[in-house]
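Novice: Dumping the structure here so I can ask a few things about it.
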């Protein structure tokens, strides 16, 4: 009898993206109100420290993103704003976001933007994934201090995985914003082509997949079709899921798909896209190789867009 999963790759495509290497045991359903103090009391507890979307790294031999509780306190981490990420094999792991005005001794500590940290590969994937978790969770707690029901100041609960209003009792939970990112493929001719677009904020020569937020009451497939039609005037038929990527800017989940184009005439939304065009597989291969004669580039390898483009270009 055939196995239901026959034909499905054993390799998890999502695990290959930047920020996807998190191996922390979150135990989110088994936390009490003393979870953070109890974790900090463990001598093996370590914290990831952030300043907005920058991670703090210790200077010296190697790259160390972990700080003791005493080190974090000395840098200004407020005890009541520390979140508990979970437990690693080496002990509890927590995170704190310091004020943007926090000054650091650059002879001892280096600040690195999370995107650069992912691109340069300075820390192990499991650290990068944990830092991404910490950034999103800290950001949510900082930006949702007040109750959306009655306006009162809320209190952090369950190590940062819930906030609770002392006035009306309303619970509030961390949000994750689903974003579809898709590569439209035209298979109507002798040679397949893919659709790439360019936004004005991109670096010079950069083209990428189209993307947009999933709206309330919408399936992933319908969001893929709607966004592609709105941004480029291309109607899609079949939609195929590829992989996903946590994207901590601030709290998104990128849902990567490929879509079957039903028409090829591009009608660009000029407010969204500076340019959009079809690319042949051979041309995309030169983009991936960095040898495109026009200097066109695609997103870096850490981005799910890069993987969606490469997956198609390599004919998988």
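Novice: Could you look through the stretch 51-71, keep only residues that are out of contact with any helix residue (DSSP H, G or I) (no Cβ under 8 Å at 6 or more places or on another chain) and either part of a loop (DSSP other than H, G, I, E, B) or on the phi > 0 side of the Ramachandran plot (or both), and pick out the one that is modelled with the highest pLDDT?
Specialist: Once the filter is applied, the top-ranked residue is 68.
Novice: Taking the options 149, 123, name whichever one is part of a loop (DSSP other than H, G, I, E, B), on the phi < 0 side of the Ramachandran plot and crowded, with 22+ Cβ neighbours inside 10 Å.
Specialist: Unique residue meeting the criteria: 123.
Novice: So, in the stretch 27-41, how many residues would count as being loosely packed, with under 12 Cβ neighbours inside 10 Å and either within 14 Å of residue 94 (Cβ to Cβ) or in contact with a strand residue (DSSP E or B) (Cβ under 7 Å, 6 or more places away or on another chain) (or both)? Reasoning before the result, please.
Specialist: Initially, the stretch 27-41 is screened for residues loosely packed, with under 12 Cβ neighbours inside 10 Å, giving 29-30, 32, 34, 41.
Narrowing the set further to residues that are either within 14 Å of residue 94 (Cβ to Cβ) or in contact with a strand residue (DSSP E or B) (Cβ under 7 Å, 6 or more places away or on another chain) (or both) leaves 34, 41.
Matching residues across the stretch 27-41 total 2.
Novice: Which number in (1) surrounded by fewer than 16 Cβ atoms within 10 Å (Cβ to Cβ); (2) in contact with a strand residue (DSSP E or B) (Cβ under 6 Å, 6 or more places away or on another chain) marks the one condition that residue 97 misses?
Specialist: Of the numbered conditions (1) surrounded by fewer than 16 Cβ atoms within 10 Å (Cβ to Cβ); (2) in contact with a strand residue (DSSP E or B) (Cβ under 6 Å, 6 or more places away or on another chain), the odd one out for residue 97 is (1).
Novice: What do you reckon, is residue 110 in a strand (DSSP E or B) and either out of contact with any helix residue (DSSP H, G or I) (no Cβ under 6 Å at 6 or more places or on another chain) or closer than 17 Å to residue 246 by Cα (or both)?
Specialist: So residue 110 fits the description; yes.
Novice: Need the failing condition index for residue 44 against (1) part of a loop (DSSP other than H, G, I, E, B); (2) modelled with pLDDT under 95; (3) touching a strand residue (DSSP E or B) at 6+ places or on another chain (Cβ under 9 Å), just the number.
Specialist: Result: residue 44 fails condition (2) only.
Novice: Additional query: Taking the stretch 181-226, which residues are in contact with a helix residue (DSSP H, G or I) (Cβ under 8 Å, 6 or more places away or on another chain), assigned to a loop (DSSP other than H, G, I, E, B) and touching a residue at least 40 places away in the same chain (Cβ under 8 Å)?
Specialist: If the condition is that a residue be in contact with a helix residue (DSSP H, G or I) (Cβ under 8 Å, 6 or more places away or on another chain), assigned to a loop (DSSP other than H, G, I, E, B) and touching a residue at least 40 places away in the same chain (Cβ under 8 Å), then 191, 192, 207, 209, 214 are the ones that fit.
Conditions tested, residue by residue: (1) outside any loop (DSSP other than H, G, I, E, B); (2) without any contact (Cβ under 8 Å) to a residue 12 or more places away in the chain.
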residue: 49; (1), (2): yes, no
residue: 73; (1), (2): yes, yes
residue: 77; (1), (2): no, no
residue: 87; (1), (2): yes, no
residue: 95; (1), (2): yes, no
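The values are calculated or read from the model by the stated rules, or taken from the named source; none is laboratory data. Bear in mind that the values here come from a model prediction, so they are computed numbers and not experimental data. Please note: Cβ atoms are built from the backbone with ideal geometry, for glycine as well, and neighbour counts cover all protein chains shown.
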